[in-house]
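The values are calculated or read from the model by the stated rules, or taken from the named source; none is laboratory data. Note that the coordinates shown come from a computational prediction; the quantities given were computed from them, not determined experimentally. All Cβ positions, even for glycine, are placed from backbone atoms using ideal geometry, and neighbour counts span all protein chains on display. For the accessible areas, the whole protein counts, side chains as well, though only heavy atoms, and no ligand, DNA or RNA atoms are used. Shrake-Rupley method; radii C 1.70, N 1.55, O 1.52, S 1.80 Å.
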Amino acid sequence: MGLRFQKRIRIFKGLTLNLSKSGTSWTVGGPGASVNLKDGKATGNVGIPGTGISYRERLDVPKHEDLAHGRSLFSGWTVWGCVVLIALILVAVWR
């Protein structure tokens, strides 16, 4: 069994520094909607708090259909970035 290490440091409401054996990452957002940034990778998370139901997707990689139609990496990121940003704002206002 391997040794695991994880520590979360809340910088302020909505911004967390995550420390682990494999490195550091940042989480922007909170319960319901967040974006995790680590080593140039972005992962969006949206869920219903308290239910265990959530959806996670990498935001920084193009989808197969985007590559097939010649769309750039940032065309998908812009749409998902807006969706996640709006979700973060709604969660912050709702609380």
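Below is a table of values for the structure above.
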item: Rounded to the nearest 10 Å², the accessible area of Lys38 at probe 1.4 Å; result: 60 Å²
item: Dipole moment magnitude, nearest 20 debye, region 1-59 about Cα centre, only Lys, Arg, Asp, Glu C-beta charged; result: 200 debye
item: Cβ crowding within 10 Å averaged over residues, with 26-33, 48-55 ranked highest first; result: 26-33, 48-55
